[in-house]
Amino acid sequence: MRISTIAFANLKRRKGKAMFLAAGIGIGIGTVVALLSLSGSLREEIGSQLDRFGANIVITPHSDNLSLDYGGIQVAGVSFDQQRLTIDDAAAVYRIPYRKRLSVVAPKLLGTIEVEGRRSLLAGVDFQKEMRLKRWWQINGRVPEKSDEVLLGYDVAKAVSAVHSSPGRGDGGGQTPGHHSAIEERIHIAKERLAIAGREHRIAGVLGQTGGPEDRMIFASLEHVQTLLAKPGELSVIEVSALCKDCPVEDIVVQIRKALPHVNVAAVQQSVRARTEAVDRLTRFSAVVSVVVLVIGALLVFTTMMSSVVERTKEIGVLRAIGFRRTHIIKSLMIEVVVISAAGGMGGWIAGLSASRLALPYFTENGAQIEWRASLAVLAIAAAMLIGIVSSAYPAIRASRLDPSEAVRYA
Amino acid sequence: MSFLIAENVSKTYSDRDSQTEVSVLHNVNVGIAEGEFVCLMGPSGSGKSTLLTILGAMNHPSQGRLLIDGIDVYALSDERRADFRAQYLGFVFQQHHLLPFLSAVENVMLPLATLPLKASEKRCKALDVMEKVGLGGKASRLPSQLSGGEQGRLAIARAIVNDPPLLLADEPTGTLDTRTGDEIMRVFLDLNGRGQTLFMVTHNPTNAALAHRVLHIRDGRLDGEAGDCWRTARIGTNGTQAALPQFAPPLCHPEHNRTSDAAIRECRNLDAELQ
């Protein structure tokens with residue numbers, strides 16, 4: 001016979017109440033576990049989607065003359081570079097310590113060029129990398145494969161009468177996956193060739209309207225543009241997409257600056273901020289809901305324990321009368337609460353994870369998985385026990401303060 | 001030298017409704033010697049239970065002090081007083097107050113739960129005491145599976161398992177029929193015969209007649225003390241002073257080799273005769 005014997009006997013005796021309490025705690029903990037698991041997965045998915053949503057670091061040469069604008073970022077002027085950015089710099093980016101977190105390093109050479117009597121912006125790109133970077137691009141036709149093939153921005157294509165369009169349903173003939181509206185403009189390439197800087201080029205594809213600077217650009221292979229602009233090995237900008245779910249983009253920026261001290265390296269604050277905000281909102285939402293649920297759980301434990309103490313006034317009085325200290329009474333009640341809470345926490349972890357695994361496909365698209373993590377189980381049980389102990393503290397202290405003579409006489 | 005001394009004990013409760021003070025005990029003085037069996041009688045509301053709980057170190061008196069074995073009980077802290085109860089006192093409640101979800105032997109072991117003894121030692125001790133009170137072989141029964149008399153004996157077993165120097169009982173036969181009540185009193189007398197100091201609150205003059213001394217309380221004041229059982233029985237029945245001294249020595253003093261059965265029988269006869 002120990003104090004724990006009394007506690008366990010009491011649990012056995014009040015199985016229904018104990019199970020109800022454990023279920024209450026389990027529901028609370030389960031909700032929190034499910035919320036945390038789901039929001040964790042959603043955070044990862046949002047993070048990876050935002051990481052895929054274009055570059056978050058831009059490398060440009062030092063320059064005094066910034067006359068052209070590219071994607072809201074002022075790109076170094078084409079003609080007054082003080083420090084040149086070269087293809088070797090792009091290679092150097094891959095040597096930073098955080099290189100494994102780099103998703104895409106897309107070098108570009110930009111320049112203005114005459115196209116059928118208009119000045120247009122010509123971009124030399126590595127199409128393979130560019131396509132990974134600009135996943136929202138919809139190409140009507142195909143990605144250029146040869147050096148004399150070009151990809152026209154929507155406005156440029158219209159200006160040179162390379163396309164005519166009609167409203168229609170479908171994916172617009174795009175080759176790349178992306179988000180499509182149900183009704184899109186169907187683009188028909190009306191022209192096969194285009195003279196750029198006096199040389200004939202084949203129009204491989206036309207970009208669907210993006211609303212961005214791409215609409216006013218012509219894309220060709222990097223080497224070809226370097227030749228056309230007579231800037232061999234030279235670059236205007238390097239766009240970097242860093243998979244930076246767990247690390248600050250700023251750290252990568254610092255490392256690139258160290259590797260390339262002669263150039264400008266800037267984090268695209270807008271994308272970083274948007275990503276951080278989205279993730280923060282989710283985190284805040286989960287935290288608020290979790291706190292509310294846990295407070296409700298704590299109140300449930302509190303009221304149940306209070307009624308339990310009232311119900312057991314006589315029993316507690318007898319124990320006090322025969323020599324149980326206040327601490328013995330508290331210990332006995334706390335053993336019960338800890339056992340119930342631990343069971344509730346364990347049940348909540350299983351239920352919460354099961355529910356979140358079942359619900360996950362309805363919230364995410366990339367087939368994310370929720371793992372059975374033992375660390376979360378430990379956390380869930382610890383949290384349940386903490387809630388149990390904290391919310392039972394007052395009822396237990398109150399029980400221990402019962403006057404034994406009154407409790408025994410009037411119960 | 002008394003083993004228990006209550007000096008000028010008073011108890012006042014404050015009535016929250018009327019915001020007045022209700023005085024329950026007034027300057028009560030009690031002394032109990034080791035091995036003595038003392039009964040306390042009095043009408044309902046006279047302060048019997050209050051005095052019992054004060055003597056039982058459960059109810060702080062408003063005034064006065066309680067010395068048991070030379071220890072000023074109410075000078076102890078609450079936790080130390082709990083230890084004192086565990087070590088010095090055994091309680092038998094009127095309703096027995098057995099824990100219904102524990103087996104008979106577990107109920108008996110309750111006062112040992114907080115002591116640093118081996119589980120087997122606790123169990124042996126409890127079984128030994130159960131054997132003494134005639135409950136051998138009923139260790140695994142739940143209280144609800146025992147008769148009223150057995151429940152009473154179980155409550156006594158629980159009260160004496162820690163070998164308390166002082167046993168306190170609050171109307172232990174109050175809810176029992178005569179035969180079962182006799183059964184319980186027999187156990188008390190046997191214990192007292194072995195030297196157990198006993199203080200019992202009772203309404204039953206027959207039971208009181210078995211004590212060495214009977215204290216009477218009225219309106220919170222001790223107003224008389226009967227030294228012999230025959231006098232008690234007499235006062236308890238018709239209030240006259242018809243003396244039957246020939247019964248007194250064998251009934252009232254352990255040194256006269258009375259047996260509990262004989263004592264109960266004789267007291268019951270005496271009571272019937274007086275009525």
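The values are calculated or read from the model by the stated rules, or taken from the named source; none is laboratory data. All figures in this text were calculated on a predicted structure; none of them were measured in a lab. Note that each Cβ is placed from the backbone with ideal geometry, even for glycine, and that neighbours are counted across all protein chains shown. Only protein heavy atoms, including side chains, enter the accessible area calculation; ligands, DNA and RNA are left aside. Shrake-Rupley method; radii C 1.70, N 1.55, O 1.52, S 1.80 Å.
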Yes/no for B:Leu76 being within 14 Å of another protein chain (Cβ to nearest Cβ), closer than 22 Å to A:Ala321 by Cα and open to solvent by 10 Å² or more (accessible area, probe 1.4 Å): yes
Close pairs (7 angstrom Cβ cut-off, 6 or more residues apart or separate chains): over 19 Å from A:Leu109 (Cα atoms) and assigned by TED's automatic domain parsing to the domain that holds A:Val115 in segment A:196-222, in a loop (DSSP other than H, G, I, E, B) and among the aliphatic types (A, V, I, L, M) anywhere: A:Ile203/A:Ala162; A:Ala204/A:Val143; A:Gly205/A:Val143; A:Val206/A:Ala162
Cross-chain or 6+ apart pairs with Cβ under 9 Å, segment A:300-318 first and within 11 Å of chain B (Cβ to nearest Cβ), then polar (S, T, N, Q) and in a helix (DSSP H, G or I): A:Arg312/A:Asn10; A:Glu315/A:Asn10; A:Ile316/A:Ser332; A:Ile316/A:Ser400; A:Gly317/A:Ser405
Of residues in segment B:170-201 being among the polar types (S, T, N, Q), free of Cβ contacts under 8 Å to residues at least 40 places away in the same chain and within 19 Å of B:His97 (Cβ to Cβ), the one surrounded by the most Cβ atoms within 10 Å (Cβ to Cβ): B:Thr173
From the options A:Arg202, A:Arg193, A:Arg169, A:Arg132, residue that is on the phi < 0 side of the Ramachandran plot, modelled with pLDDT of 80 or more, under 35 Å from the mean Cα position of the chain (by Cα) and surrounded by fewer than 16 Cβ atoms within 10 Å (Cβ to Cβ): A:Arg132
Within segment B:82-101, considering residues that are over 18 Å from the mean Cα position of the chain (by Cα) and crowded, with 21+ Cβ neighbours inside 10 Å, the one farthest from the other protein chains (Cβ to nearest Cβ): B:Leu99
Long-range neighbours under 8 Å by Cβ, at least six apart or interchain, first residue more than 11 Å from every other protein chain (Cβ to nearest Cβ) within segment A:1-20, second of a type in the set (D, E, K, R) and surrounded by 16 or more Cβ atoms within 10 Å (Cβ to Cβ): A:Ala18/A:Glu336
Any pair with Cβ under 8 angstrom, 6 or more apart, that starts in segment B:130-154 at a residue that is crowded, with 22+ Cβ neighbours inside 10 Å and ends at one that is part of a loop (DSSP other than H, G, I, E, B) and hydroxyl-bearing (Ser, Thr, Tyr): B:Gly152/B:Thr173
Total residues in segment A:350-391, condition of a type in the set (Gly, Ala, Ser) and under 23 Å from A:Leu333 (Cα atoms): 6
Subset of segment B:56-73 [closer than 14 Å to B:Pro164 by Cα and either more than 8 Å from every other protein chain (Cβ to nearest Cβ) or open to solvent by 20 Å² or more (accessible area, probe 1.4 Å) (or both)]: B:Ala57, B:Ile68, B:Asp69
Filter result for A:Thr327 (within 14 Å of chain B (Cβ to nearest Cβ) and either surrounded by fewer than 20 Cβ atoms within 10 Å (Cβ to Cβ) or in contact (Cβ under 8 Å) with a residue 60 or more places away in the chain (or both)): yes
Among residues of segment A:80-100, those that are under 28 Å from the mean Cα position of the chain (by Cα) and open to solvent by 80 Å² or more (accessible area, probe 1.4 Å), counted: 5
Residue in segment B:1-32 that is most open to solvent (accessible area, probe 1.4 Å), counting only those that are within 13 Å of B:Leu67 (Cβ to Cβ) and small (Gly, Ala, Ser): B:Ser2
Qualifying residue in segment A:336-356 (condition: within 14 Å of chain B (Cβ to nearest Cβ), open to solvent by less than 70 Å² (accessible area, probe 1.4 Å) and at pLDDT 85 or above): yes
Boolean, A:Val143 is touching a His at 6+ places or on another chain (Cβ under 6 Å) and modelled with pLDDT of 90 or more: no
Selection within segment B:102-113 - more than 8 Å from chain A (Cβ to nearest Cβ) and more than 20 Å from the chain's Cα centre (by Cα): B:Ser103, B:Ala104, B:Val105
